[in-house]
Amino acid sequence: MNVAILLLAAGNSRRMGTAKQLLPVGSTTLLGHSIDCAIQSNANKIYCILGAHANDIKASIPMQQIEVIINDNFMDGLSSSIRAGIHHINHLNFDAVLIMLADQPLIDSKYLNILIQGYIKNPTKILASDYGNAIGVPAIFPKKFFKQLIELKGDNGAKKVLNHNSNEIIKVKCNALLDIDTKEDYLNFLKSL
């Protein structure tokens, strides 16, 4: 099974007031942490979708291991990054895509591999993170869902595809729900390290 990771990192960090992708986390950055997890996973290829602050952020990415896709339409919301990524890989030989966000620092490679292993056992199903009161990303979408992902609009990411295909989803328990959206989120996260 050939699995690509789409690491979404194109946002302009409006609520943060600075490029949150470059915020320090230990010896790396918020995006760097997500990249490290993706590299250590069993995925076959990793694509990082950039938009706002693309040149500054691109300079921090290990280009020999990650392919960068520039989303010029990042102001159209999260779905525009998913569309850019799927358009880029659609003609390639991937069986599925694992969509993850750059601002979920509690997600690790072990969890990504649980999703990938689950997909290998259930190659026709979406594997989505179960946060108790909601499901979301990281999530793996088999190729048969790429058309629906390309048709997404707005800032809700893959939620519409997940909601539309609830009978096609295997939920994977995830205790790592933390999105860094504000300075307060970031400072609270640093305190927890």
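Just need the relative contact order of the stretch 28-144 here, percent rounded to a whole number, with Cα pairs under 8 Å and 6+ apart. Spell out each step's value before the answer.
Working: 138 pairs, mean separation 32.0, N = 117.
Computed value for the stretch 28-144: 27 percent relative contact order.
Can you tell me the relative contact order of the stretch 97-140? Whole percent, Cα pairs under 8 Å, sequence separation 6 or more. Mind showing how you got there, number by number?
Details: 40 pairs, mean separation 21.0, N = 44.
Relative contact order here is 48 percent.
Assuming a viscosity of 1.306 mPa s and a temperature of 10 °C, what translational diffusion coefficient in µm² per second does Stokes-Einstein assign to the stretch 1-103, Rh being the Kirkwood radius over Cα pairs? Walk me through the numbers on the way to the answer.
On the way: Rh = 13.6 Å.
So the translational diffusion coefficient is about 117 µm²/s.
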Checklist entry - Which log10 I(q)/I(0) values, to two decimals, does the stretch 109-193 give at q = 0.10, 0.12, 0.27 Å⁻¹ under the Debye formula with one point per Cα? => result -0.29, -0.42, -1.34
Checklist entry - Karplus couplings for the stretch 175-182 from phi (6.51 cos²θ - 1.76 cosθ + 1.60, θ = phi - 60°), rounded to Hz, Gly and Pro as x? => result 9, 10, 6, 7, 9, 8, 10, 10
Checklist entry - Check ILE46: other-chain or 5+ apart residues with amide H under 5 Å from its amide H, H built from backbone geometry? => result ILE5, GLU67
Item to check | Amide H contacts under 5 Å for LEU127, placed H, 5+ residues apart | outcome: ILE140, ILE170
Item to check | Under Karplus coefficients 6.51, -1.76 and 1.60, residue-wise ³J(HN,Hα) of the stretch 55-68 in Hz, glycine/proline x | outcome: 5, 5, 6, 4, 5, 8, 9, x, 5, 6, 10, 10, 9, 8
Item to check | Selection from ALA59, PRO24, SER109 lying farthest towards where the dipole of the stretch 1-129 points positive, charges on Cβ | outcome: SER109
Item to check | Label of the coordinate-derived value, Rg/Rh (Cα atoms, Kirkwood Rh), listed as [x] 1.08; [y] 0.93; [z] 0.95 | outcome: [y]
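Once you keep just the Cα pairs under 8 angstrom separated by 6 or more residues, what percentage relative contact order results for the stretch 42-96? Mind showing how you got there, number by number?
Details: 46 pairs, mean separation 18.8, N = 55.
Relative contact order here is 34 percent.
What's the ranking of 18-31, 143-156 by average number of surrounding C-beta atoms within 10 Å, highest first? It would help to have the intermediate numbers written out before the result.
Working: 18-31: 17.7, 143-156: 15.7.
So the order, starting with the most tightly packed, is 18-31, 143-156.
State whether the stretch 58-112 is rounded, prolate or oblate according to the following rule on the C-alpha gyration tensor (a ≥ b ≥ c being the square roots of its eigenvalues): a/c under 1.5 gives rounded; otherwise a/b larger than b/c gives prolate, and the remaining case gives oblate. Could you put the intermediate results ahead of the total?
Values: a/c = 1.30, a/b = 1.16, b/c = 1.12.
It is rounded, given that a/c, with a ≥ b ≥ c, falls under 1.5.
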Next on the checklist: Net charge within 14 Å of GLY118 by Cβ-Cβ distance, Lys/Arg positive one each and Asp/Glu negative one each, not counting GLY118 itself?
Outcome noted: +2
Checklist outcome for this item: Residues meeting the amide H criterion for GLY157 (H placed from the backbone, H to H distance under 5 Å, 5 or more places apart or on another chain) are LEU78, SER79
Checklist outcome for this item: In the stretch 128-193, lysine pairs 8 or more places apart or on different chains with C-alpha atoms under 28 Å apart total 25
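Looking at the chain, send over the antiparallel percent of its DSSP beta bridges, to the nearest 5. List each step's numbers first, then the result.
Values: 10 of 32 bridges.
In the chain, DSSP labels about 30 percent of beta bridges as antiparallel.
So between SER109 and LEU187, what do we pick up on full extension, going 0.36 nm a residue minus the alpha carbon distance? Mind dumping the intermediate values first?
Working: separation 78, 0.36 × 78 = 28.08 nm, distance 2.33 nm.
Full extension from SER109 to LEU187 adds 25.8 nm.
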Next on the checklist: What are the ³J(HN,Hα) couplings of the stretch 184-190, residue after residue, when phi is run through the Karplus curve with 6.51, -1.76, 1.60 and θ = phi - 60°? Round to Hz, x for glycine and proline.
Outcome noted: 4, 4, 5, 5, 5, 5, 4
Item to check | Gap separating the Cα centres of the stretch 87-128 and the stretch 1-58, nearest whole Å | outcome: 15 Å
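Give, in nm to one decimal, the length gained when the segment between GLN40 and ASN93 is fully stretched (0.36 nm per residue of separation minus the Cα-Cα distance). Let's see the in-between values first.
Details: separation 53, 0.36 × 53 = 19.08 nm, distance 2.11 nm.
Full-extension gain reported as 17.0 nm.
Here, each number is a calculation from the coordinates, and none is a lab measurement. As the structure is a computational prediction, the values presented were derived from the model and not from experiment. A quick note on method: Cβ atoms are made from the backbone with ideal geometry, for glycine too, and the neighbour counts reach across all protein chains shown.
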